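Here the structure comes first, spelled out in structure tokens, and everything after it is commentary.
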Amino acid sequence: MRKTNDLGRDPVFRLVCRLAIPTMLAQLVSVLYSIVDRIYIGNIQGIGDLALAGVGVCGPIVTLLSSFASLVGLGGSPIMAMRMGEGRDREAGRVLSNSFLMLLILSGVLTTLFLLLKEHLLMWFGASDATFGYANTYLTIYTAGTFFALMATGMNSFLIAQGFSGLGMATVMLGAVLNIVLDPIFIFGLDLGISGAAIATLLSQCVSASILASFFLRGQSEIRVSIRCVSTAPKIYLTIFKSGMPSFFRQGMASVSAMALNFNAGVYGDAAVAAMAIVTKVFNFLLSAVIGFGQGMQPVVGYNYGAKELGRVRQA
């Protein structure tokens, strides 16, 4: 597939705009669909408020899970961009392939760990006797799809890092739109309630992850995932972890903060926890624009830093 952005030659201002704006829009749409998701859940006849509170309890746990995708995706993609700028495409492929393997391993470990600990996690994160059943149902289904969630989020960063910002935006938006369409079908049409919301999310992430996996495994990208590029040397994994730690801790601490808010809101009843679920999503909608813009300009900085074009780095 022909990419639309040359990270080393295109005018920097236009390049940053072409990469950052689609990424920013994708982040906004992604948060918007989760807001719509909450609207549907809140309108489930008879149980909407409790179901919304249950999903609100799951929110910080979902954020905690996604922080591992950021650890690898936002840790590995700048390094890959730097290696591309240095003209070391084989090393760039090694970073990509090892990051893919890390996401595979993490998804297996996290799925097992979170399913085993989910009851304790839900109580720590603010579930009450009335909301536990809804939270448990949602989290069980969502956690079963951890592989798709991590792949859809983590590998999208590598797509953008190669200059395919339009396709990166399309995969996120496709998942978001699909979720918005499937939510009322599963929640109300098939009368699955909270389970329907979780299934719709899982299927949407499955579609996004499948498109990304196909792109990287079937040779459509400039740098591809290949088993021959996988390295057993610990150094490459440590480098990716060190690079991704700031993003991991940013999201991880956001999860801990949300847990504290949910736990203290629970003193005022389940309605307060449901209200926090709404407020948190509105806040994330505003924050996502800044995060998306930063993520979109990152490949320009990484590639040109690797190419020792420091003037372009400063301009970006």
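The values are calculated or read from the model by the stated rules, or taken from the named source; none is laboratory data. Since the model is a prediction, treat every value here as computed from it, not as a measurement. Heads up, the Cβs are rebuilt from the backbone with ideal geometry, glycines too, and the neighbour counts pull from every protein chain shown. All accessible areas refer to the heavy atoms of the entire protein, side chains included, with ligands and DNA or RNA removed. Shrake-Rupley method; radii C 1.70, N 1.55, O 1.52, S 1.80 Å.
Look at residue 261 and say whether it is open to solvent by 70 Å² or more (accessible area, probe 1.4 Å), in contact with a helix residue (DSSP H, G or I) (Cβ under 8 Å, 6 or more places away or on another chain) and farther than 18 Å from residue 97 by Cβ. Here the answer is yes, as residue 261 does meet what is asked.
Determine, yes or no, whether residue 121 is at pLDDT below 90, among the hydrophobic types (A, V, I, L, M, F, W, C) and open to solvent by 30 Å² or more (accessible area, probe 1.4 Å). Criteria not met by residue 121. Only one entry of 90, 14 meets the criterion of being part of a helix (DSSP H, G or I), at pLDDT 85 or above and under 25 Å from residue 311 (Cβ atoms), and that entry is 14.
Based on this model, can you work out whether residue 282 counts as surrounded by fewer than 21 Cβ atoms within 10 Å (Cβ to Cβ), in a helix (DSSP H, G or I), free of Cβ contacts under 8 Å to residues at least 60 places away in the same chain and of a type outside the set (Phe, Trp, Tyr)? Even if it seems obvious, please write down each step before you answer.
On the way: surrounded by fewer than 21 Cβ atoms within 10 Å (Cβ to Cβ): yes; in a helix (DSSP H, G or I): yes; free of Cβ contacts under 8 Å to residues at least 60 places away in the same chain: no; of a type outside the set (Phe, Trp, Tyr): yes.
No: the conditions fail for residue 282.
The residues of the range 264-279 that are among the aliphatic types (A, V, I, L, M) and surrounded by fewer than 20 Cβ atoms within 10 Å (Cβ to Cβ), listed by number, are 267, 271, 272, 275, 278, 279. Screening residue 49 with (1) surrounded by fewer than 19 Cβ atoms within 10 Å (Cβ to Cβ); (2) among the acidic types (Asp, Glu); (3) in contact (Cβ under 8 Å) with a residue 40 or more places away in the chain gives one miss only, at (1). Whether a residue is open to solvent by 50 Å² or more (accessible area, probe 1.4 Å) and either polar (S, T, N, Q) or in contact with a Ser or Thr (Cβ under 8 Å, 6 or more places away or on another chain) (or both) was assessed, and residue 112 passes this test.
Screening residue 140 against (1) open to solvent by less than 10 Å² (accessible area, probe 1.4 Å); (2) of a type in the set (Val, Ile, Thr); (3) at pLDDT 90 or above leaves a single unmet condition, (1).
Condition check ((1) within 26 Å of residue 223 (Cα to Cα); (2) in contact (Cβ under 8 Å) with a residue 12 or more places away in the chain; (3) part of a helix (DSSP H, G or I)) across all residues:
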| position | (1), (2), (3) |
| --- | --- |
| 157 | yes, yes, yes |
| 166 | yes, yes, yes |
| 173 | yes, yes, yes |
| 178 | no, yes, yes |
| 181 | no, no, yes |
| 186 | no, yes, yes |
| 191 | no, no, no |
| 196 | no, yes, yes |
| 203 | no, yes, yes |
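Going residue by residue through the range 221-238, is there one that turns out to be in contact (Cβ under 8 Å) with a residue 60 or more places away in the chain, assigned to a loop (DSSP other than H, G, I, E, B), small (Gly, Ala, Ser) and surrounded by 15 or more Cβ atoms within 10 Å (Cβ to Cβ)? Yes: one or more hits. For residue 250, the conditions (1) over 30 Å from residue 182 (Cα atoms); (2) open to solvent by 30 Å² or more (accessible area, probe 1.4 Å); (3) more than 15 Å from the chain's Cα centre (by Cα) all hold with the exception of (3).
Within the range 148-199, the set of residues being open to solvent by 30 Å² or more (accessible area, probe 1.4 Å) and in contact with a Cys (Cβ under 9 Å, 6 or more places away or on another chain) comprises 148 only.
Take the residues of the range 177-229 that are among the β-branched types (Val, Ile, Thr) and modelled with pLDDT under 85: which is nearest to the chain's Cα centre (by Cα)? Let's see the steps before the verdict.
Initial filter on the range 177-229 (among the β-branched types (Val, Ile, Thr)): 177, 180-181, 185, 187, 194, 199, 201, 207, 211, 223, 225, 227.
Next, only the ones that are modelled with pLDDT under 85 stay: 223, 225, 227.
Numbers: 223: 21, 225: 20, 227: 24 Å.
Restricting to residues being among the β-branched types (Val, Ile, Thr) and modelled with pLDDT under 85, the top hit is 225.
If the condition is being at pLDDT below 80 and under 20 Å from residue 87 (Cβ atoms), then the range 230-244 contributes only 231.
Within the range 285-315, restricting attention to residues that are small (Gly, Ala, Ser) and farther than 26 Å from residue 31 by Cα, the residue that is surrounded by the fewest Cβ atoms within 10 Å (Cβ to Cβ) is 311.
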